Amino acid sequence: MPSANSEQVTIVSIYPALLGTYGDAGNVLALRHRAALHGLEARIIEVAAGEPIPAQGDLYVLGGGEDSAQTAAARGISADGNLASAAAGGAAVLAICAGYQLLGEYFPDATGQPATGLGMIDIRTDRLPRRAVGELAAESLIPGLPRLTGYENHGGATHLGAEVQPLARVLAGVGNGDGTEGAVAGHILGTYLHGPGLARNPALADLLLGWCIGRELEPIEEPDVEALREERLRTVLGEAWNRPA
Amino acid sequence: MPPTPFRTRAAVLAGRTASAASRLTGRGEGLVVGGKVILKVSPGAMRDLAGDRVAALVSATNGKTSTTRLLATAVGQTGPVVTQETGANMTDGVLSALAYGHPRGQAVLEVDEAYLPLILPDTRPRALLLGNLTRDQLDRMNEVAMVARKWRTMLESCPERTTVVANCDDPIVTWAARSAPRVLWVSAGQNWTADASVCLECGGLLRFGGVEGWRCTSCGQQRPEPAWRFQIDDGRFTAVGPDRRRFDLSDLALPGWFNAANATLALAAATDVLGLDARTSVQRMATVTAVSGRYEVRTIGALDVRLLLAKNPASWSELLTVMPPAPAPVIITINANDADGRDPSWLWDVPFEKLRGRTVIATGDRRRDLAVRLLHAGVDHVVIEDPYAPGVELPASARDLEVIDCAATYTAFHGLRTRADARTDPQTRRRKVRRAATRVVS
Ligand SMILES: [Zn+2]
């Protein structure tokens, strides 16, 4: 129950109809759910394509989408300008798959030609030789974060520049395409984890919420979620699913 | 009709033998094997067998099997009809239906969206019904826009005798159908707009809503004026024809607004393209109770189960509306085999929040994904590997129900049908189907 003095987090879901093809709308549900568990009050703002993006968000969420949707989204966000300025002012950003790619310098459009990205993080995406489709498991490079699990479905090879850190080291699957997965720069986090990523990795949701309120959140485990994590990690890592790699 | 060429007659015979052999040895769908053999012996067999007798082809992401069954039943008022009984809707299934169905029957056939461009030129239907295009199984790279582009190219050289009957509430279908020379537009509803946010003409953004339906905010493309409309007036389903004649569709045995919308598409084709009597068509369509096992009540273990099939987020969203109201518990079975889509992330695009106030029994190979989804939707649930096993512990409310709804993904649905087949006595089943039908809410 949110009380008058509970901490509030404003979550802005950017173009959920354009960028939400792979169940990524679930990330916002997961953030709301985790916020409630931690006694935080989550305020959700959904921004439809064509509408202005509010400047006052604490956390901005971008999901995945098909090629034409990705290009349309990049145009809209770039013209609006508020996402880049909010992030420069310290707001957190979670970007999945197509959303992750479009934060960078360029990404492949529907014809495979480089399309101009938002240039918010130091990454460049071109095409993988073969589309990556399947379970993705990765060892987080952020201290204290448990092993990551998700489903990837993308054709992009993402190259990280000097100003970003990879989110994780791939144990199974493709990720960025060079053995790393995702990227972190300040409070901007990009990843290929669908599933949705935050429902399958609540610690990642807690990390983002923690960035918003300026303190670390205590881990809380839920049996349904732990059972799913174990099942998914087991399918690709076998008996060693929870042993250090 | 000219006599069927010898080569094709021989091919049909060979196909029949192969298909019987396949069934006898238990290697599954005889139809598919039969179709392959026919084409091998006579590559022109599709055109030969179709002749001029194909009344209609039906394609869509969702509802094609039901729409086909409804239209085939309406067309039955003029004589024998050839249609698939099993839902086999690719080249082999279409070919087998034509080869083994009544030799002079008019054909009403469902066709897989991706196979339609291959099948249309050889079958030359009088009506081509196009219902909707939404995302199906994403990991098959079956992107909606790609299918739409193929349809559009296909319709640029549409057979001369074909009238396209298209759902103009779906902007993707409309964009594809606009290239056809003769189109009968039907406003058949489309609640699912998540796959149609971008205009295929110009890449601009689409807006939905209002009496005019949808329009593009950049190039001004908008919903064409429909000749037929599906309406819900005070909870009653109605089809309104071009002359403002109204047809009450509330008495259909098939549940849900989407089946009444499918019936509107079928009625428009039956009346305005095939020249059939509208009243008789509606009466005949009302008698369709189950479609390839969907909506049938079967006994599985200790439970009597009404079997519901959904294949993608759009059809799941619709299916939730035919379930009895809370607190009635329901069983939901999620698999992620190839035919279901390997990635069940789509669970997060389905408004499972609608099931609040009841207990959901989560089962199937991916029951744990469903459990996490239901946790986030605030829906009470239990995870049970096999709710039909003897002695399994079920919520008391589930045991008390006379018939419990079980909604399942494709392979889960077929698994349940196979499991039920051996035991249910047809008489009990018919009685229960009637009872289940009367308690449907919309
Ligand atoms: Zn447009």
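The values are calculated or read from the model by the stated rules, or taken from the named source; none is laboratory data. Everything numeric in this text was worked out from a predicted model, so none of it was measured. Glycine gets a Cβ as well: all are built from the backbone with ideal geometry, and neighbour counts include every protein chain shown.
Determine whether A:G150 is more than 14 Å from every other protein chain (Cβ to nearest Cβ) and either at pLDDT 95 or above or not in a strand (DSSP E or B) (or both).
Spelling it out, it is not the case that A:G150 is more than 14 Å from every other protein chain (Cβ to nearest Cβ) and either at pLDDT 95 or above or not in a strand (DSSP E or B) (or both).
Check B:D386 against each of (1) crowded, with 16+ Cβ neighbours inside 10 Å; (2) over 30 Å from A:A35 (Cα atoms) and name the one condition it does not meet.
(1)
Starting from residues that are crowded, with 23+ Cβ neighbours inside 10 Å and assigned to a loop (DSSP other than H, G, I, E, B), keep the ones in the range B:190-207 and report whichever is farthest from the other protein chains (Cβ to nearest Cβ).
Here the answer is B:Q190.
Out of everything in the range B:219-267 that is within 16 Å of the ligand (Cβ to nearest atom) and surrounded by 14 or more Cβ atoms within 10 Å (Cβ to Cβ), what residue ends up being farthest from the other protein chains (Cβ to nearest Cβ)?
Here the answer is B:P224.
Please work out if A:E230 is over 14 Å from the mean Cα position of the chain (by Cα) and charged (D, E, K, R).
yes
Just for strands (runs of 3 or more DSSP E) wholly inside the range A:1-109: which have at least 1 residues that are closer than 27 Å to B:P351 by Cβ?
A:8-14, A:41-47, A:59-62, A:92-96
Pick from B:A339, B:A326: which is of a type in the set (A, V, I, L, M, F, W, C), part of a loop (DSSP other than H, G, I, E, B) and surrounded by fewer than 19 Cβ atoms within 10 Å (Cβ to Cβ)?
Just a single option satisfies the conditions, and that option is B:A326.
Please go through the range B:50-71 and pick out each residue that is out of contact with any strand residue (DSSP E or B) (no Cβ under 6 Å at 6 or more places or on another chain) and among the β-branched types (V, I, T).
B:T61
B:L303 - would you say it is touching a residue at least 24 places away in the same chain (Cβ under 8 Å) and more than 21 Å from the chain's Cα centre (by Cα)?
yes
Which one of A:G144, A:G119, A:G134, A:G175 is more than 16 Å from the chain's Cα centre (by Cα) and closer than 27 Å to B:G341 by Cα?
The conditions single out A:G134.
Part of a helix (DSSP H, G or I) and in contact with a strand residue (DSSP E or B) (Cβ under 8 Å, 6 or more places away or on another chain), is that true of A:L171?
no
Sort out which residues of the range A:127-184 are among the β-branched types (V, I, T) and either closer than 29 Å to A:E218 by Cβ or out of contact with any helix residue (DSSP H, G or I) (no Cβ under 7 Å at 6 or more places or on another chain) (or both), and write them in order of number.
Passing the criteria: A:I142, A:T149, A:V164, A:V170, A:V174, A:T180, A:V184.
Quick check, is B:W151 in contact with a Pro (Cβ under 8 Å, 6 or more places away or on another chain) and in a loop (DSSP other than H, G, I, E, B)?
Spelling it out, it is not the case that B:W151 is in contact with a Pro (Cβ under 8 Å, 6 or more places away or on another chain) and in a loop (DSSP other than H, G, I, E, B).
Looking only at residues in the range B:290-316 that are modelled with pLDDT of 90 or more and of a type in the set (S, T, Y), which one is farthest from B:R399 (Cα to Cα)?
Result: B:Y295.
Can you tell me which residue in the range A:119-147 is nearest to the other protein chains (Cβ to nearest Cβ), limited to those that are buried (at least 20 other Cβ atoms within 10 Å of the Cβ) and under 30 Å from A:G81 (Cα atoms)?
A:T125
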